[in-house]
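Right, one structure below, let's go through it.
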């Protein structure tokens with residue numbers, strides 16, 4: 001047991017390809033939690049009740065006195081919500097190998113600060129001062145972890161990936177399945193063009209600079225597919241040196257944080273519609289969690305004051321379609337192709353000449369299954385509702401509470417990114433990997449912009465209209 | 001000493017999530033050692049590689065039946 005990291009006996013992954021995967025990966029736990037909350041919301045709804053009481057968020061406020069009064073009045077709801085999150089996440093993380101006595105205080109701190117962040121975002125002038133909760137959470141977390149520091153055992157409660165995956169499953173419940181079917185092919189086409197171009201640029205620049213092909217592939221996947229998760233998946237598939245993944249991690253984190261601020265800033269300056277900005281972020285951001293921070297932030301800027309048209313949902317939906325449906329789900333295919341090339345073309349100490357095709361499923365981001373099922377479930381539920389009934393009954397009674405829970409899950413995620421990004425811990429990347437990756441970033445951002453704004457701009461601007 | 005058939009059975013191979021998250025600084029900031037994407041990949045202490053559990057080489061040594069490292 002490592003007390004320093006708050007980890008108990010982490011489950012062995014040596015035989016994770018069987019049924020054990022259902023309770024030993026964060027992906028499946030995100031599916032169970034997200035679908036359970038969605039099912040409970042549905043059951044309450046059809047019985048004339050709602051999850052709205054539990055899914056409380058701070059309403060708009062203009063003065064601290066008003067905010068204080070609102071928080072005091074809703075205190076029982078916040079306490080109940082905290083308790084529900086705590087129980088659900090504690091059970092899951094305990095089975096995933098974290099110590100309960102480390103997780104509980106860590107999550108308590110996370111929830112308390114998240115309440116303050118979401119409340120700050122509900123201030124009537126928050127948009128004017130650009131106090132978007134995702135950006136506030138990220139910056140606050142970075143300051144705390146890099147200037148003041150927190151005990152490392154608290155990391156047990158700062159599980160970025162777990163929270164973002166849970167949020168994505170909940171997001172599925174608010175995204176019409178028909179929209180996924182309608183927009184999915186375009187998302188896959190746009191994402192595939194950019195992913196392949198970005199990978200090839202990083203790979204060939206890296207090789208041209210004299211880097212090992214395995215490092216080149218690891219860097220390429222990190223920039224082209226789904227960030228750090230793709231980098232380590234491909235590193236394993238191509239049998240990289242153990243020094244390679246940390247290099248890719250450093251570069252992905254660095255550029256992902258830059259893009260969290262850069263993409264919404266430029267999108268806003270150009271007054272891109274919410275759906276278009278979200279599509280660009282989905283195409284050109286590197287990690288799911290970072291991208292959701294950028295997309296939610298951009299969606300939060302929608303309004304006459306900023307000149308950004310559309311709805312906040314459009315930014316998050318177009319981002320999700322391109323990033324999750326267009327890029328993430330293909331990680332197994334990338335791993336398979338690159339493992340074949342690695343085994344057959346690149347010299348290695350190890351052998352393992354038999355390429356394992358099962359990895360296409362093993363590496364598949366299983367939370368996407370929950371995302372699709374949640375979307376399908378809610379779409380079937382509301383299929384016979386009229387537009388009027390949807391807006392007056394279904395939306396406030398069923399969809400809005402799930403959306404609120406998603407906001408909380410993502411806020412936990414954004415704050416955890418900052419709290420776990422300790423810049424001094426990151427491995428030095430080196431000049432050549434930096435320039436190779438940066439070349440891919442430049443190409444990725446430019447092609448992503450052209451496709452999102454000029455080629456498919458009308459499509460994304462009118463998403464779900 | 002007996003031969004293992006793949007890295008997953010080898011004493012030099014470690015793929016528990018905690019070990020991986022400590023070995024790769026920054027991994028948990030935007031990913032995880034407990035995610036599906038990495039499958040059951042792990043670190044080979046013998047050759048300094050990060051690789052799938054179904055790889056193999058000439059230096060494989062089977063783990064003890066119990067009490068071995070994972």
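Each value in this text was obtained by applying a stated rule to the coordinates, not by laboratory testing. Bear in mind that the values here come from a model prediction, so they are computed numbers and not experimental data. Virtual Cβ from ideal backbone geometry, glycine too; neighbours counted across all protein chains shown.
In table form, for the structure just shown:
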item: Cα long-axis angle, helix A:64-73 against chain A (0 to 90 degrees, to the nearest 10); result: 80 degrees
item: Per-residue average of Cβ from other chains inside 10 Å of A:24-30; result: 4
item: Separation in nanometres of the label points that stand 7 Å from Cα toward Cβ, at residue A:144 and residue A:43; result: 3.4 nm
item: Helix A:177-208 axis, angle to chain A major axis (alpha carbon atoms, nearest 10°); result: 30 degrees
item: For chain B: relative contact order, % (alpha-carbon pairs under 8 angstrom, 6 or more apart); result: 52 percent
item: Computed E for residue A:450/residue B:59 - FRET, C-beta separation, R0 56 angstrom, nearest 0.05; result: 0.65
item: At R0 = 25 Å, FRET efficiency that the Cβ-Cβ distance of residue A:376 and residue A:79 yields, to 0.05; result: 0.15
item: Those residues of segment A:438-465 whose amide nitrogen sits under 16 Å from the label point placed on residue A:189, 7 Å along Cα→Cβ; result: A:448, A:450-463
item: Chain lengthening between residue A:60 and residue A:389 when straightened (0.36 nm per residue, less Cα-Cα); result: 115.9 nm
item: Share of Cα-Cα pairs in segment A:380-440 lying beyond 20 Å, as whole percent; result: 61 percent
item: Reciprocal mean inverse distance between Cα atoms of the protein assembly as shown - Kirkwood radius, Å; result: 23.3 Å
item: For a label point 7 Å along the Cα-to-beta-carbon line of residue A:109, residues of segment A:151-172 with backbone N under 13 Å; result: A:151-159
item: Rounded tilt (10° steps) of A:431-449 against the dominant C-alpha axis of chain A; result: 50 degrees
item: Shielding by partners, peptide B:11-24 (average Cβ within 10 angstrom, other chains); result: 5
item: Debye equation applied to the C-alpha atoms of segment A:358-465, log10 I(q)/I(0) at 0.11, 0.14, 0.19 Å⁻¹; result: -0.74, -1.09, -1.22
item: Residue A:345 versus residue A:86: modelled label distance in nm, points set 7 Å from Cα along the beta carbon direction; result: 5.4 nm
item: Length added when fully stretched, residue A:196-residue A:243, from 0.36 nm per residue minus Cα-Cα; result: 14.5 nm
item: Equivalent ellipsoid, segment A:131-251 (semi-axes from 5 times Cα gyration tensor eigenvalues, Å); result: 28, 26, 13
item: Relative contact order, percent, chain A [alpha-carbon distance under 8 Å, six or more residues apart]; result: 27 percent
item: Theoretical gain in end-to-end length, residue A:458 to residue A:207 [0.36 nm per residue, Cα-Cα removed]; result: 86.6 nm
item: Ordering of A:65-75, A:222-232, A:311-321, A:145-155 by packing [mean C-beta count within 10 Å, highest first]; result: A:222-232, A:311-321, A:145-155, A:65-75
item: Förster radius 41 Å - calculated FRET efficiency between residue A:127 and residue A:20 (Cβ-Cβ, nearest 0.05); result: 0.30
